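Here's the structure we're looking at; comments come further down.
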Amino acid sequence: MDERPVSLTLKILAGVMFAFLLAPLIVVLPISFSGDAFMAFPPTSWSVKWYPAIFANSKMTAAFWTSLVLATVVTTISLAIALPAAYALVRLKPAGAEVLSSLFTAPLLLPTIVLGLAILIVFARLGLLATFPGLVLAHLVVTLPYALRVLTTALATLPIAVEEAASTLGASPFTVFRRITLPMMKSGLIGTTALCFLVSFDEVVLSIFMTGPRISTLPVAMYHHVEQQADPLVAALSVLLVVLSLVVVLVVDRTSGLAKTFVK
Amino acid sequence: MSAATAIAPALPPRRSRLGLIVALLAPIALINAIGFLAPVLNLARMSFYEVEPTGAMREVYTLATWAKLVTDSFYAELIVNSVSVSLGITLLTLVCSYPIALYLHRSSGTWKTILLVLVISPLLTSAVVRTYGWIAILSDSGLVNNALGALGLPPQRMMFNLTGVTIGLTEILMPYMILALLAGFGRLDPRIEEAASTLGAPPFTIFRRIILPLTVPGIALGCLLCFVLAVSSFITPKLLGGGRVFLLATEIYDQAIVTLNWPLAATLSILVLVIFGGALVLYTRALRAIL
């Protein structure tokens with residue numbers, strides 16, 4: 001390897017900055033085992049009472065189920081819509097494919113606060129505010145561009161020779177897609193699933209415009225909770241969420257390689 | 001050419017091929033139209049609607065909201081404040097992220113994968129969770145103030161002011177900056193650094209004269225990304241600013257949700273997009289001047 005030895009100065013600087021970067025995630029763990037009624041660091045007493053307290057909090061559990069079902073529905077629809085679109089754009093190469101794919105990924109360029117406001121105004125008129133279908137539609141606006149981008153990249157980098165061989169041997173286009181293309185895209189599909197799920201599950205800006213007293217997602221419920229009182233409940237919940245993200249990251253890393261999915 | 005003829009028999013004729021393309025693209029186009037194109041166009045129109053003194057909105061076109069923005073010094077201050085705070089945060093993010101990116105670039109194997117996971121995992125954790133972590137560190141009964149107290153020093157107000165917002169947002173934006181920097185570090189050739197070192201350049205000179213200039217494209221990209229994200233983020237400024245830090249994004253939220261002055265919120269949103277356009281122009285100019 002043609003590497004330069006890392007100097008001590010850089011090691012120390014990088015170490016300090018890493019500590020800064022991870023500090024808010026690390027402090028959450030001890031606080032979740034606090035026995036205090038209010039948040040203090042370090043806690044003055046210890047207890048595990050905040051974990052069962054999450055499940056006793058009806059607002060949080062309702063919001064959790066909404067978020068889980070929402071993320072699952074949004075991920076499924078994203079795959080069902082983006083996969084055919086990616087196939088059409090990459091394999092059938094219609095005129096203006098590039099313009100179309102920039103249009104379809106354009107929502108990512110818009111700041112979510114502007115997008116959230118824009119959607120709020122239109123959805124209010126359509127009666128979609130604070131409804132489950134409204135939330136699904138709003139989340140799809142941001143998950144579809146991610147899904148399309150990862151899937152088009154996955155499709156474009158596949159060796160086309162195998163598909164051509166199958167096609168020459170008489171397989172119909174649909175059979176080629178189902179038996180050859182789809183299995184070869186496995187890592188792209190896993191990456192898309194994980195990405196869509198996490199984007200939807202963690203999405204807070206769009207959701208904050210779309211939720212109300214009747215329906216709320218977990219990040220929005222946590223936001224409103226922290227806004228009113230910062231007690232250790234949110235710390236315990238945060239620990240569970242961090243563990244969830246880590247599990248997803250590890251699964252993606254095991255099955256398809258983290259570097260390939262997130263760093264292009 | 002041969003590839004095209006090889007699969008030609010399997011492909012449907014031209015007409016049904018077009019039908020297939022339309023069918024496959026229709027769902028994504030529909031959602032794009034309902035959830036993106038129509039709302040954004042409507043937003044632009046909304047900024048010209050009239051708001052009556054009672055707060056009711058009328059679908060009459062007027063330049064009143066835009067005029068208010070120009071004449072009311074509160075908004076001029078808000079814009080200047082937002083842009084300068086975001087610039088400061090971007091610069092701070094760059095300074096904090098650069099050592100990590102350089103270190104990551106120079107490490108390899110499993111160690112590099114572990115570090116990369118550490119950089120990406122905050123990105124996959126909700127901004128609400130990370131902001132909550134900062135409240136635990138910065139609040140009056142938090143880590144910093146308890147440590148100061150233990151040392152016999154007076155407590156510092158680190159939350160509900162600009163200090164808290166700056167610290168929190170800097171940390172939140174670091175993963176984006178690190179990934180952008182890493183993408184631009186490909187041009188860094190260790191042989192050039194070695195040559196300079198052999199010729200007697202001290203480490204800091206090598207950093208200033210070789211490493212820094214070679215990584216400027218990555219720096220520019222990271223700064224553009226973080227500036228754009230800083231201007232438009234509002235979760236962290238809301239929670240760590242506690243309603244005492246006024247930025248464009250928090251004002252848009254307040255006007256949209258609390259005051260329900262949609263034309264004003266829409267106008268401020270368009271303004272955010274104009275600032276983005278300006279940042280993008282500056283970025284392309286800067287890149288052209290450097291390369």
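Brief remarks on what is shown
- Taking Cβ atoms as reference points and 14 Å as the exclusive limit, the residues near residue B:39 contribute a net charge of +2, counting Lys and Arg as +1 and Asp and Glu as -1.
- Spherically averaged projected area in nm², based on the convex hull that wraps the Cα atoms of chain B: 26.1 nm²
- In this structure the amide hydrogen of residue A:34, modeled in the peptide plane, comes within under 5 Å of the amide hydrogens of A:47, none closer than 5 places in sequence on its chain.
- Each stretch of four or more DSSP H residues adds -39500 (n - 2.57); spread over every residue of chain B, this sum gives -22500 deg cm²/dmol at 222 nm.
- Expressed per residue, the C-alpha convex hull volume of region A:59-262 stands at 136 Å³.
- Helix runs (DSSP H) in chain A reaching 27 Å along axis by Cα, Kyte-Doolittle at least 0.0: A:8-32, A:58-91, A:132-156, A:232-256
- Shielding score for A:244-251, defined as the mean number of other chain Cβ atoms within 10 Å: 3
- Order of B:257, B:270, B:235 - criterion: other Cβ atoms within 10 Å of each residue's Cβ, fewest first: B:257, B:270, B:235
- Candidate membrane-span-like segments in chain B, meaning DSSP H helices with Cα atoms spread over at least 15 Å of their own axis and a Kyte-Doolittle mean of -0.5 or above, are B:14-32, B:73-106, B:109-123, B:127-138, B:162-184, B:216-232, B:262-290, with no membrane implied.
- Put simply, the amide H of residue B:50, placed in the peptide plane, has neighbours under 5 Å in B:58, B:60, B:62, leaving out anything fewer than 5 places away on its chain.
- Virtual paramagnetic centre 7 Å along Cα→Cβ of residue B:140, amide N under 15 Å, in region A:12-53: A:38-41
- Neighbouring Cβ atoms from other chains, within 10 Å of the Cβ of residues in A:35-43, number 4 on average.
- When each of A:139, A:225 is scored by the number of other beta-carbon atoms lying within 10 Å, the sequence from fewest to most is A:225, A:139.
- Two-decimal Rg to Rh for region B:220-259 - Kirkwood Rh, Cα set: 1.06
- A compact globular protein would have a Cα radius of gyration near 2.2 N^0.38 Å; the ratio found for the protein assembly as shown is 1.04.
- Distance cut-off 14 Å, percentage of C-alpha pairs in region B:14-61 lying past it: 67 percent
- Summed residue charge, Cβ within 15 Å of residue A:100's Cβ, Lys/Arg positive, Asp/Glu negative: +2
- Net +/- balance of residues flanking residue B:78 in space, Cβ distance below 10 Å, scoring K and R +1, D and E -1: -3
- By the helix-only formula, in which each DSSP H run with n ≥ 4 contributes -39500 (n - 2.57) and the sum is divided by residues, chain A has a 222 nm mean residue ellipticity of -23500 deg cm²/dmol.
- Here each label is just a point 7 Å from Cα along the line to Cβ, and for residue A:178 and residue B:209 those points are 6.7 nm apart.
- Inter-probe distance in nm under a simple model that places probes 7 Å from Cα toward Cβ, at residue A:11 and residue B:157: 4.3 nm
- Residues residue B:41 and residue A:132, FRET efficiency given R0 of 35 Å [Cβ-Cβ distance, rounded to 0.05]: 0.85
No lab work stands behind these numbers, since they all come straight from the coordinates. Given the structure is predicted, the values throughout are model-derived calculations rather than measurements. Virtual Cβ from ideal backbone geometry, glycine too; neighbours counted across all protein chains shown.
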